[in-house]
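Structure first, then comments.
The values are calculated or read from the model by the stated rules, or taken from the named source; none is laboratory data. Bear in mind that the values here come from a model prediction, so they are computed numbers and not experimental data. Positions of Cβ are backbone-derived with ideal geometry, glycine not excepted, and every protein chain shown enters the neighbour counts. Note: areas computed on protein heavy atoms with side chains; ligands, DNA, RNA excluded. Shrake-Rupley method; radii C 1.70, N 1.55, O 1.52, S 1.80 Å.
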Amino acid sequence: MSGRYRREGVAPGVGEAARAPRVVLLHPSRGPITARDWSGTPLGLITGLRELGAEVHEVGYGVNGLVRRTAHLLSMLATSSITAAERSALKMELRRSSFQRQLDRLGPVDAIVAVGTDCYRLDRLRLPAPVATYDDATLAAMWAHPDSDTSRAGFRPEHVRRWIATQRESSRAATVCCVSTAWAGRAFTGDYGVPPERIAVVGMGHRPRRPAVHRERDWSTPTYLFVGIDWERKNGDAVLRAFSRLREDVPQATLHLVGRHSRVDRPGVVDHGLLARDDPQAQRVLDDLLARATVFVLPSRFDPSPIAYLEAASAGMPVIATTAGGAGELLGEAAIAVAPTDEVAILRAMTALAEPAEAARRGALASAAAEEETWRHVAARILGALGSPTEVAAAPVPSRGAGR
């Protein structure tokens, strides 16, 4: 793209607005994207692009039922892992041919945003427009970390090496690699050899969790909130131990737990269990917790870019974050980043934020930081990284870090 959206064969006149850009969201899944796919990230990108006025077209795994089922059965013959089967050579080729047919039918487009590029090779497609990939980590970095989902999943090393090679070649073929954090950007350079000038840090989007009815938060009583489905990776036991020690000095403190784990029954702890995203009543309970808590504590053993941090920040809470991954970058001074294995550091952070004035100060910073990290902001930065203007936005989009 040359920095201006193309018009339908007509030179724009003075003061004439450019037409809405046509943007493709390329993804490896079958059917329309939903909030369940990749923690809602692709749907967030689609939503953000449309809020900017873009005409968005999904290009996914569009194969007829008989071929799709046959390919799946054949792929499963070689592995017991659905994840590995989805990345088989047969399915990769079917994605390539399906993508190409759809792209050819679409005709001229202005930009392509590609996600899930460990499932297909961008370099084997005839691409009609500049391409931005979007990721929060390299698969190589996740495979290297012992506490990541990837390394703990039991995948065969030869499979993962092939997936890493696929993502590497796709990244090298892209016009620009958009990433959520500078940590992820360094990984794309170090792991895949993508030049730094072809990497753009565009942040991570989220769905703001502001309460429907505004009420003043009571900062005088420390109220901690932990939200994590994967109790072990999210470091739940370490949080519990730190909280027990904190309560010796701050007996009025409470800790609310949300997630999938064995029931916890301890003084000061309120266990809500799993609050499902697709359960409206459960989400009302979570919204109430986000409105009342004074500190969000989630020092995960590994987390590239947890959307949960941004949701908590949008509700006005400071965050105790992790240094393992890029998570600690998301909120600047609104978060206290700690090494997940350093339980003394976790306790110190919880103690510091037990002080009402400090928690309120960082909470205000968190709210301001979250306002810059909507999916609309991320989508605008991606288009900007491709050389496109963002005048289609209804309001100015600040660069990352403004006001922090």
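Key figures
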{"quantity": "Single match in Thr166, Thr150, Thr138, Thr189 (criterion: open to solvent by less than 60 Å² (accessible area, probe 1.4 Å), at pLDDT below 95 and farther than 20 Å from Thr374 by Cα)", "calculated": "Thr150"}
{"quantity": "Filtered residues of segment 325-345 (kept if buried (at least 24 other Cβ atoms within 10 Å of the Cβ), under 16 Å from Gly185 (Cα atoms) and of a type in the set (Gly, Ala, Ser))", "calculated": "Gly325, Gly326, Ala327"}
{"quantity": "Residue tally, condition within 15 Å of Tyr224 (Cα to Cα) and of a type outside the set (Gly, Ala, Ser), over segment 320-378", "calculated": "12"}
{"quantity": "Given (1) in contact with a Leu (Cβ under 7 Å, 6 or more places away or on another chain); (2) surrounded by 17 or more Cβ atoms within 10 Å (Cβ to Cβ); (3) over 26 Å from Arg152 (Cβ atoms), index of the condition Arg247 fails", "calculated": "(1)"}
{"quantity": "Which numbered condition Asp110 misses (of (1) charged (D, E, K, R); (2) exposed (fewer than 15 other Cβ atoms within 10 Å of the Cβ); (3) in contact with a Pro (Cβ under 8 Å, 6 or more places away or on another chain))", "calculated": "(2)"}
{"quantity": "Those residues of segment 39-55 which are surrounded by fewer than 21 Cβ atoms within 10 Å (Cβ to Cβ) and touching a residue at least 24 places away in the same chain (Cβ under 8 Å), in sequence order", "calculated": "Ser39, Gly40, Thr47, Glu51, Gly53, Glu55"}
{"quantity": "Enumeration of residues in segment 227-244 that are touching a residue at least 40 places away in the same chain (Cβ under 8 Å), open to solvent by less than 30 Å² (accessible area, probe 1.4 Å) and either among the acidic types (Asp, Glu) or in a helix (DSSP H, G or I) (or both)", "calculated": "Ala238, Val239, Ala242, Phe243"}
{"quantity": "Failed criterion for His206 (all others in (1) closer than 20 Å to Glu329 by Cβ; (2) in contact (Cβ under 8 Å) with a residue 40 or more places away in the chain; (3) open to solvent by 30 Å² or more (accessible area, probe 1.4 Å) hold)", "calculated": "(3)"}
{"quantity": "Candidate set: segment 58-83, residues that are at pLDDT 90 or above and open to solvent by less than 30 Å² (accessible area, probe 1.4 Å); chosen: the one nearest to Arg381 (Cα to Cα)", "calculated": "Val59"}
{"quantity": "Flag if Glu372 is assigned to a loop (DSSP other than H, G, I, E, B) and either at pLDDT 95 or above or closer than 18 Å to Gly203 by Cα (or both)", "calculated": "yes"}
{"quantity": "Ser220 vs. criteria more than 23 Å from Arg36 (Cβ to Cβ), among the small types (Gly, Ala, Ser), assigned to a loop (DSSP other than H, G, I, E, B) and open to solvent by 20 Å² or more (accessible area, probe 1.4 Å)", "calculated": "yes"}
{"quantity": "Flag if Val270 is farther than 20 Å from Ala359 by Cα and either open to solvent by less than 50 Å² (accessible area, probe 1.4 Å) or not in a strand (DSSP E or B) (or both)", "calculated": "no"}
